[in-house]
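All remarks here apply to the structure that follows.
The values are calculated or read from the model by the stated rules, or taken from the named source; none is laboratory data. The shown structure was predicted, so the numbers you read here are calculated from the model rather than taken from an experiment. Neighbour counts run over all protein chains shown; Cβ positions are idealised from the backbone, glycine included.
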Amino acid sequence: MEVRWLEDFLALARTRHFSRAAELQHVSQPTFSRRIKLLEEAMGTTLINRQTLPLTLTPAGELFLELCGRITRDVRDTRERITALEAQASARISVGSTQGLFSHFYQGWATDAGIAERLQLNLKATSWVGEQFLDALEGGECDLVLCYWHPDLPWGARLTAESFEWLVLAREALVPVSVADESGQPRFPLPGSPEQPAPLIAYHNRGFLQSAIEGHLARQRLSANLLPLNENTQSASVKALVKQGFGMGWLPQRMTEKSEQFGSLVRAGDERWDVPLEIRLIRLRDARSEDLITLWNQLEN
């Protein structure tokens, strides 16, 4: 049974005439009559008394008329609500965020800024790596990008004032961490030694963070004896392996606070080994909507 059959029946109940009802439904009379017959077959009873002029409804037809009214009202109301929801979703500003920032920064920042209801997170972004975030901005897959930034990104020169605008929302540090040994000291301390290098849970070099670590160590002239075990694109993956005791790794400080509080992770090195980062919100200079410009102006102020 189709909803349009119910609408046909309502039209027939109003006009009590097959031709006029068919005209209201924008179909030929034979097609309309056939659909009413299919409706009666689906219900297993006669709904229309065709022996009277004007037509009348049978007792079953009168009962069915009430049902048609309820169903078509519910369908119409649901369609209107869906349309409103889709309009609301399309009006939201799409954000691409790294997984770590989505988990430990995005929601609190958006709520505090009073803009959470105006944003729509693009879930595809959790699989993007490094430069793909700028590709997504330029390709129209999102309106804003929330990411870490530092001067050692190999493709950082691509972020130019001619093409992009950005806000520094916060500053962050990558902190070296390890599980603790029986005495509460890091099991894999920095800087390690040539005889016993510290096993490292590293980041993939296409992401945001590995080049930050390498650049910081070089500038600070910190010599570390590290044995990379694998590479990860997500901080959550690094944290999981570090917590399982496979090695040490650098984590955004926001991701270590709860773990340090409960003592499951400890520092693997002092503050010299902390890597400074910026948390940036980036958009194209040529904004695609007035809503985005309005939101951006609000954040700037």
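A few comments on the model shown:
- Condition check for Glu214: part of a strand (DSSP E or B), assigned by TED's automatic domain parsing to the domain that holds Gln99 and surrounded by fewer than 17 Cβ atoms within 10 Å (Cβ to Cβ): no
- Lone unmet requirement of (1) charged (D, E, K, R); (2) in contact with a helix residue (DSSP H, G or I) (Cβ under 8 Å, 6 or more places away or on another chain); (3) modelled with pLDDT of 95 or more for Lys239: (3)
- Residue check for Leu169: in contact with a Leu (Cβ under 8 Å, 6 or more places away or on another chain), surrounded by fewer than 20 Cβ atoms within 10 Å (Cβ to Cβ) and closer than 18 Å to Leu292 by Cα: yes
- Filter result (farther than 23 Å from Gln298 by Cα, in contact (Cβ under 8 Å) with a residue 24 or more places away in the chain and either surrounded by fewer than 20 Cβ atoms within 10 Å (Cβ to Cβ) or not aromatic (Phe, Trp, Tyr) (or both)) within segment 108-133: Lys124, Ala125, Thr126, Val129, Gly130, Glu131
- Some residue of segment 260-268 being aromatic (Phe, Trp, Tyr) and either in contact with a His (Cβ under 8 Å, 6 or more places away or on another chain) or over 30 Å from Gln132 (Cα atoms) (or both): yes
Each row is one residue, and each column tells you yes or no for (1) in contact (Cβ under 8 Å) with a residue 60 or more places away in the chain; (2) crowded, with 18+ Cβ neighbours inside 10 Å; (3) of a type in the set (D, E, K, R); (4) in a helix (DSSP H, G or I).
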position: Leu12; (1), (2), (3), (4): no, yes, no, yes
position: Glu23; (1), (2), (3), (4): no, no, yes, yes
position: Thr31; (1), (2), (3), (4): no, no, no, yes
position: Thr52; (1), (2), (3), (4): no, no, no, no
position: Phe64; (1), (2), (3), (4): no, yes, no, yes
position: Ile71; (1), (2), (3), (4): yes, no, no, yes
position: Arg81; (1), (2), (3), (4): no, no, yes, yes
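Yes/no matrix, rows are residues, columns are (1) over 12 Å from the mean Cα position of the chain (by Cα); (2) not polar (S, T, N, Q):
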position: Ser97; (1), (2): no, no
position: His104; (1), (2): yes, yes
position: Gly108; (1), (2): yes, yes
position: Leu121; (1), (2): no, yes
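- Selection status of Arg206, in a loop (DSSP other than H, G, I, E, B), under 30 Å from Trp296 (Cα atoms) and within 28 Å of the chain's Cα centre (by Cα): yes
- Looking across segment 41-50, the residues that are within 16 Å of Leu67 (Cα to Cα), surrounded by 12 or more Cβ atoms within 10 Å (Cβ to Cβ) and over 47 Å from the mean Cα position of the chain (by Cα) come down to Thr45, Thr46, Leu47, Ile48.
- Residue in segment 140-152 that is over 22 Å from Pro252 (Cβ atoms) and buried (at least 18 other Cβ atoms within 10 Å of the Cβ) present: yes
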